[in-house]
1. Could you check, for region B:98-113, whether at least one of its residues is within 16 Å of ligand 1 (Cβ to nearest atom) and either open to solvent by 10 Å² or more (accessible area, probe 1.4 Å) or not charged (D, E, K, R) (or both)?
2. Could you list, in sequence order, all residues of region B:201-228 that are modelled with pLDDT of 90 or more and within 16 Å of ligand 1 (Cβ to nearest atom)?
3. Could you please let me know if residue A:170 is surrounded by fewer than 15 Cβ atoms within 10 Å (Cβ to Cβ) and either modelled with pLDDT of 85 or more or more than 21 Å from residue A:11 (Cα to Cα) (or both)?
4. Can you tell me which of (1) more than 16 Å from ligand 2 (Cβ to nearest atom); (2) buried (at least 19 other Cβ atoms within 10 Å of the Cβ); (3) more than 25 Å from residue B:150 (Cα to Cα) is the one residue B:193 doesn't meet?
5. For region A:156-167, how many residues are under 24 Å from residue A:19 (Cβ atoms) and open to solvent by 30 Å² or more (accessible area, probe 1.4 Å)?
6. Wholly within region B:28-144, which helices (runs of 4 or more DSSP H) include no fewer than the required count, namely at least 3 residues that are within 16 Å of ligand 2 (Cβ to nearest atom) and not aromatic (Phe, Trp, Tyr)?
7. May I ask you to list pairs of residues, at least six apart or on different chains, whose Cβ atoms are under 8 Å apart, with the first in region A:17-31 being within 14 Å of residue A:140 (Cα to Cα) and the second being open to solvent by 60 Å² or more (accessible area, probe 1.4 Å)?
8. Taking the options A:153, A:98, A:145, name whichever one is in the same structural domain as residue A:85 (by TED's automatic domain parsing), in contact with a Phe, Trp or Tyr (Cβ under 8 Å, 6 or more places away or on another chain), among the hydrophobic types (A, V, I, L, M, F, W, C) and surrounded by fewer than 14 Cβ atoms within 10 Å (Cβ to Cβ).
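The values are calculated or read from the model by the stated rules, or taken from the named source; none is laboratory data. Since the model is a prediction, treat every value here as computed from it, not as a measurement. Note: ideal-geometry Cβ built from the backbone for every residue, glycine included; neighbour counts use all protein chains shown. To get the accessible areas, we keep the full protein, side chains included, count just its heavy atoms, and leave off ligands, DNA and RNA. Shrake-Rupley method; radii C 1.70, N 1.55, O 1.52, S 1.80 Å.
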Amino acid sequence: MVQQLGHLPMGWLMLALLAMMASGAFFVGRVQAERFSAAGSGRFHSRPNYHGYYVAMWTVVPALVMAMAYGLLGDDIVRALLRRELPASFSAMPPIELSVYLDSISRAASQGGFSGSDRIFSAITNRFLELQGVIKTVTIGLTTLCAGSGFLLARRRVAPGFRARNKVEGGMEAFLFLCAAVAIATTVGIVASLLYESLRFFAQVPIWDFLLGTRWNAQTSAEFGALPLFFGTFMIALIAMLIAAPVGLFAAIYLSEYAGPRVRGSVKPILEVLAGIPTVVYGFFALLVVAPTIRTIAVWINMTLINAGVTSEPFLAAQPTSALAAGLVMGIMVIPFVSSLSDDVINAVPQTLRDAAYAMGATKSETVKHVVLPAALPGIIASLLLAVSRAIGETMIVVMAAGQRARISADPTADLTTITVQIVALLTGETEFDSPKTLSAFALGLVLFVITLIFNLIALRVVQKYREKYD
Amino acid sequence: MESTVTSAPPATSPGTQANEPERLTFPRIECRDINVFYGDKQAIFDISLPIPDRSVTALIGPSGCGKSTFLRCLNRMNDTIESCRVEGQIIMDGENINDAAIDPVLLRSRVGMVFQKPNPFPKSIYDNISYGPRIHGLAASREDLDGMVEKSLRRAGLWEEVKDRLTAPANSLSGGQQQRLCIARAIAVQPEVILMDEPCSALDPVATARIEELIDELRKRYCIVIVTHSMQQAARVSQRTAFFHLGILVEMGETDQIFTNPRERRTEDYITGRFG
Ligand SMILES: Nc1ncnc2c1ncn2[C@@H]1O[C@H](COP(=O)(O)OP(=O)(O)OP(=O)(O)O)[C@@H](O)[C@H]1O
Ligand SMILES: [Mg+2]
C-alpha cells in the first residue's frame, strides 16, 4: 500500500488539495462572519470577505510551506534513510559512486519500479519506493494537520472586533516582499558568484597584469592583458554613440516638438520596431552587408592614396570584419533607446515653460534650443549614458562583425575584439570552469558589470535630480 | 511707446473714473465678433470687447467659460494649440492681429503674458529676464542688457530682494517672487500690453497683495488684461470688468458699475456668489 503511494504524482495532488481547502476555508470564514453580522452582534471591523481570506490564508500558507519543504527535501530524506539501510558492502563504495548508484535507483523508481535481472537493484528500488510512500504519507498527514489546525485557529478568531482586513493586507505585503526578495537574492547571488570566480582568477593572475596588460592571448598561451579588449569595447561603443546620439536626439526633438500627431503616431511605432529587432539580425546585417561595404570603400581609399603617391603601403587595414561595421550597426541599434528616452524627457518638460517662451515672442527653434533642451538636458544625458551602457554590454553584433583579434588600433577598418566577444569565445565548448582561461571570463564579466553599473548609477542619479526639479 | 497718452493720468481708484468712457473711444485693442473653436466645439461666441489703454481690464466668470481662451486670442497663443481656430477681428494699432500677414512672434513681443503658475525658465534670475531682450536683439551691449534687467526687476518690485543673487537659479525663489520674476520677464521685452491669466491663484494673500500693488503700478504704463476668479481682486485692481458665461460676453462696463449695479441678472448672481 505504502509502495503504491510512492507512484502517485505528489505535486498535483497537493495543489488540488490545497486549492480545495483554500476555497472551503474562505467560504467557512465568510459565512461565519456573515452569520455573526446577521445576528447583529456589533459592527464588524472588516467585511466578511476579509474574514474568508484570513481563514483561507491560515489554512493554506502553513500547509503550503510543508508541501514546499517536501518538494525541496523529500528526495534527500528518502535517500538518507535508504543509505542507512543498505548492506555493508555499499559503505565501502566511494561516495561519488554511491551517489551515482542512488541516482539510478531513484530514476528507476520514478519509472515505476525495476523488473530486470539485477535482484539487489530491484530490491533496493522497491525499498526506495516504499520509503517514498512513507514520506509522502507523513507529508500529507503533516500538511493536513497544519491546514486543519490553521483553519481551526483562524476560524476561532472571526469576530466583529477582529481586524481581518489588516491581517490579510499584512499577509499580502509579506508575499509581495518575498517576490521582491527573490529578485534581489538572485542578483546578489549572481554578483557574488562573479566576484568569487574572479577572485579565484586573480589568485592566479595578478589583477594589475589583467587590467593594464596589453597582450591578450587566453586561448593559446596564458596571456591575460585585457587592455586591448577594453579598448575595443570603448572604440566600438564610441562609434555607436557617434551615430546614435545625434540621430536619436534629433529624431526625439522632431517627434516631440515638430511632428504632428499623425506623423508622430506612425514614426514612433517604427522606432519601437527598431528596438524590437533581435540583435542577431543586426549582427548578420553587419557581417553580410555593412562589413563588406566598408572593406570595399577602405580598399578603394587605399588604392587611391597609393595611386596618388601619398603613401606606398595600404593606409587602412581594410579587414573583412571591422570596428566600424560593428560600431555603425550597433549605433543604429541603440538609436531607439536614445530617441524614445529623450522623447520622454522632452515631453516631461512642462508645457508652461514652452508657453512662457512663446508668449515672449520666441520662435519654435529658439524655444527648443534655449528652453526645452536645457530643461531636458539631464534626462537626455541620462538616456545617452543608458545607451552607452547598452552598447558596451551588447554581444551578438560584435561577435559577428567585430572580429577576434585583440589589439589596440585607432584604424576603424581594423578588426578589434571586445569584452563580450572574448567571454563568449572563452566559455563556448568548455565543460570545466576552473582553468585560468575560463576563470578569466568571470573577471571580464565582473569588469563589464562594474562599468555598466557605474553608467547606470550615474544615469539614475541624474534622472532623479531632474525629477525633483519639476515635482 | 509712452508718448501716445500724455493727457490726464489714469484714475488711481475705481471711485474717480469719470473720464474712462471718453478714453474708450480710442481703445487700445478692439475685438470684433470673436469666435473660437476647439475642433468642432465652440468655446467663444461672438464676443466684441474694447480694451482701453493704461488701465486694467478684468475678465471674470465661472470656470470653463472661456476667459483663458479669450485672453490667449490677444497674443495668438491659441496658434500653439493644434485644434484651435479663431475667427473675427482683433484690431490693435489699426491692424487686425488675426491677419495672416501678422507674424505672431513679433506680436507676442508687443503683447506679453503672465501665467497662472509661476513658470520661470530653469536658468538663473538674470538669464530669465535677459532672455527676451536677447532673442529680440533689444540690447546693444552687455551694459545695456544689465540696465534692462535691473529696470525690469525694479518695475516688478523684485530688485531689492534679488540684486545680490542674480546668478542664483530662478527656481530657488519663493512662489510669489517667482511670479514677480515672470512679470519682470514679460516687462523686459518692452511690451505694450500685458495679459495675466489668474496670476495670483497659486499665491498666498501677502504675495497676492504685492502682485496687486504691482499691477496697480504697471497700469500707468501698460494696457493690462487680467483673468481672475476673485471678485475682490477684480474690484481692487481693475477699472473695467467683463463678465463671461458659457463662452458669451454677458456684460461689460466700469468695474464700479458691474459690482454695485449690474445690468444683468446673471452678473449679479455670479458676483454675489449665487452660482459659478
Ligand atoms: N486645449 C483645449 N482643447 C479643447 N478644448 C479646450 C482647450 N482649452 C480649453 N478648452 C475648452 O474651452 C472652454 C473654455 O476654456 P477656458 O480654459 O478658456 O476656460 P476658463 O474660463 O479659463 O476656465 P478656468 O477659469 O477654469 O481657467 C472649456 O469648455 C474648455 O473645455
Ligand atoms: Mg483659465
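1. Going residue by residue through region B:98-113, those that are within 16 Å of ligand 1 (Cβ to nearest atom) are B:113.
Going one step further and asking which of them are either open to solvent by 10 Å² or more (accessible area, probe 1.4 Å) or not charged (D, E, K, R) (or both), we end up with B:113.
Yes: region B:98-113 contains one or more residues that are within 16 Å of ligand 1 (Cβ to nearest atom) and either open to solvent by 10 Å² or more (accessible area, probe 1.4 Å) or not charged (D, E, K, R) (or both).
2. Answer for region B:201-228, where residues must be modelled with pLDDT of 90 or more and within 16 Å of ligand 1 (Cβ to nearest atom): B:225, B:226, B:227, B:228.
3. Yes, satisfied.
4. It is condition (3) that residue B:193 fails.
5. Within region A:156-167, the subset under 24 Å from residue A:19 (Cβ atoms) is A:156-158, A:164-165, A:167.
Checking the rest, the ones that are also open to solvent by 30 Å² or more (accessible area, probe 1.4 Å) come to A:156-157, A:165, A:167.
Of the residues in region A:156-167, 4 are under 24 Å from residue A:19 (Cβ atoms) and open to solvent by 30 Å² or more (accessible area, probe 1.4 Å).
6. Numbers: elements: B:67-73, B:104-110, B:125-135.
Of the helices (runs of 4 or more DSSP H) lying wholly inside region B:28-144, those with at least 3 residues that are within 16 Å of ligand 2 (Cβ to nearest atom) and not aromatic (Phe, Trp, Tyr) span B:67-73.
7. Close Cβ pairs satisfying both conditions: A:18/A:64.
8. Working: A:98 fails: surrounded by fewer than 14 Cβ atoms within 10 Å (Cβ to Cβ); A:145 fails: in contact with a Phe, Trp or Tyr (Cβ under 8 Å, 6 or more places away or on another chain).
Matching residue, one of A:153, A:98, A:145: A:153.
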